[in-house]
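To start, the structure under review is shown below, and the notes come after it.
The values are calculated or read from the model by the stated rules, or taken from the named source; none is laboratory data. Nothing here was measured: the structure is a model prediction, and the numbers come from that model. Reconstructed Cβ throughout: ideal geometry from the backbone, glycine too, with neighbour counts over all protein chains shown.
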Amino acid sequence: MTEPPAPPATPPGLGDLFRGMLMVALSAFGGGLSAWSQRIIVEQRHWMSNEEFLTGLTVARLFPGPNQINMAVYVGTFFRGLPGAVAALAGMLLVPFTLLMLVGLLYFQFHALPAIDRVLAGVVAAAAGMALSMGFKILDQYWKDPVALLLAAVTFVLMAFFHVRLVPLVLVAGPLAMVWYWPRPSHSQGPEREPR
Amino acid sequence: MRLNDLGHLLQVMGTFLGLSLFSLGGGNTLLTEYHHLSVDEYCWLRPSQFADIYALAEAAPGPSSMIVGLLGMGAGWPEGPGWALLSAYGAEAAILLPSTLLMVVACLSWNRLRDSPWRVAFERGLGPITLGILFAVGVKILQTADTNAGGVVVSLLVCLLMLRTRISPLWFMAVAGGLGAFGLINR
């Protein structure tokens, strides 16, 4: 079969969406959630074309909310609107969230035990390293845009040293940055510059 | 007494409903705000507990925004495990509801949004701000988690390995947990 698979005659129902996302969540234990959702939604169930899936990733990253959760919402909305979004979201979250809540109950019950506390002291140091790496991971794409680096630096200094809260910061700095980056035909900047 | 608890639950949910639409860059931008609310403002958690909860949410499979469920659980814990669970599910539902509704609207109108100047300006303008916030989040978590030099060294090493290798972060947490158990990392 070299032909791309035809879209299914009947789009998935609410139950299918729930089970599909549950499958993604279960397969992705240990990581790689977006790779697994692509494999299951595009390659195994042929619900979407790869292009439609990638559009979903773009929308999911652009809008507020966790990317993987937004992706589930996209898949659900694509076929069944708001009810589909809820079904897909439930499938994606049910098992991981319930598991985490069980861990949470154990944590709040037993965290004062010295043995538990000693292990957690180590785990926490590693997790803090992961948190620190988040900014560095996306730094590369802004390296050639001095205005973006300045914006990032001012944001960082205001939050880290002047303890400015997130909501007022985004409400003031967001519109200012949007004005600066408003697309102008005569004046394009950054990596999206058209080749001549 | 119950009425008081219910009021508390609604307060927790209201707090997270208001934050939902500010979860840029996949949601991790909200971590300093979570810290401020749960440790400084409402005193649901001690700083070391906040660090623990962050680590648990990172280690668990699934989206890391599930940390909100654990924060809700911490808020409800004084009223007993039953209320803690209710508060946990309520908090997670609250943080997800507004962004989910917006996402549904965005999906349904994406064909018009895609080439809109608003979309372009939003994406390019909010990106650098997200970058700055993520660095502030990293520093805040580091300050909360590490109270001594040993911890800082482990954190910086893990940060470097995260950027330079493709090793699963679960290994870093497992090894560091072992070092902690043997008393090589303290707090």
Is it true that residue B:115 is surrounded by fewer than 21 Cβ atoms within 10 Å (Cβ to Cβ) and not in a helix (DSSP H, G or I)? yes
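Residues checked against (1) within 11 Å of another protein chain (Cβ to nearest Cβ); (2) of a type in the set (A, V, I, L, M); (3) in a helix (DSSP H, G or I); (4) touching a residue at least 60 places away in the same chain (Cβ under 8 Å):
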position: B:9; (1), (2), (3), (4): no, yes, yes, yes
position: B:12; (1), (2), (3), (4): no, yes, yes, yes
position: B:17; (1), (2), (3), (4): no, yes, yes, yes
position: B:29; (1), (2), (3), (4): yes, no, yes, yes
position: B:32; (1), (2), (3), (4): yes, no, yes, yes
position: B:37; (1), (2), (3), (4): yes, yes, yes, no
position: B:51; (1), (2), (3), (4): yes, yes, yes, yes
position: B:55; (1), (2), (3), (4): yes, yes, yes, yes
position: B:62; (1), (2), (3), (4): yes, no, no, no
Is one or more of the residues making up the stretch B:150-160 touching a Phe, Trp or Tyr at 6+ places or on another chain (Cβ under 8 Å) and facing chain A (nearest Cβ under 7 Å)? yes
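Quick check on my filter: what residues within the stretch A:43-58 are not in a helix (DSSP H, G or I) and not hydrophobic (A, V, I, L, M, F, W, C)?
The initial filter retains those residues of the stretch A:43-58 that are not in a helix (DSSP H, G or I), namely A:45-49.
Within the stretch A:43-58, A:45, A:46, A:49 qualify.
Listed here are the residues, each with its yes/no results for (1) modelled with pLDDT of 90 or more; (2) facing another protein chain (nearest Cβ under 7 Å); (3) over 30 Å from residue B:77 (Cα atoms); (4) under 18 Å from the mean Cα position of the chain (by Cα).
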site: A:75; (1), (2), (3), (4): yes, no, yes, yes
site: A:79; (1), (2), (3), (4): yes, no, yes, no
site: A:94; (1), (2), (3), (4): yes, no, no, yes
site: A:98; (1), (2), (3), (4): yes, no, no, no
site: A:105; (1), (2), (3), (4): yes, yes, no, no
site: A:114; (1), (2), (3), (4): yes, no, no, no
site: A:118; (1), (2), (3), (4): yes, yes, no, no
site: A:135; (1), (2), (3), (4): yes, yes, yes, yes
site: A:142; (1), (2), (3), (4): yes, yes, yes, no
Among the candidates A:91, A:135, A:56, single out the residue that is closer than 23 Å to residue B:159 by Cα and in contact with a Phe, Trp or Tyr (Cβ under 6 Å, 6 or more places away or on another chain). A:135
Output for Cβ contacts, cut-off 6 Å, separation at least six or different chains, first residue more than 8 Å from chain A (Cβ to nearest Cβ) in the stretch B:87-114, second in a helix (DSSP H, G or I) and of a type in the set (Phe, Trp, Tyr), reads B:91/B:16; B:94/B:16; B:95/B:16
Return the only residue of B:154, B:137, B:105 being surrounded by fewer than 18 Cβ atoms within 10 Å (Cβ to Cβ) and of a type outside the set (D, E, K, R). B:105
Exactly one condition in (1) surrounded by fewer than 22 Cβ atoms within 10 Å (Cβ to Cβ); (2) over 30 Å from residue B:168 (Cβ atoms); (3) not polar (S, T, N, Q) is not met by residue B:39; state its number. (2)
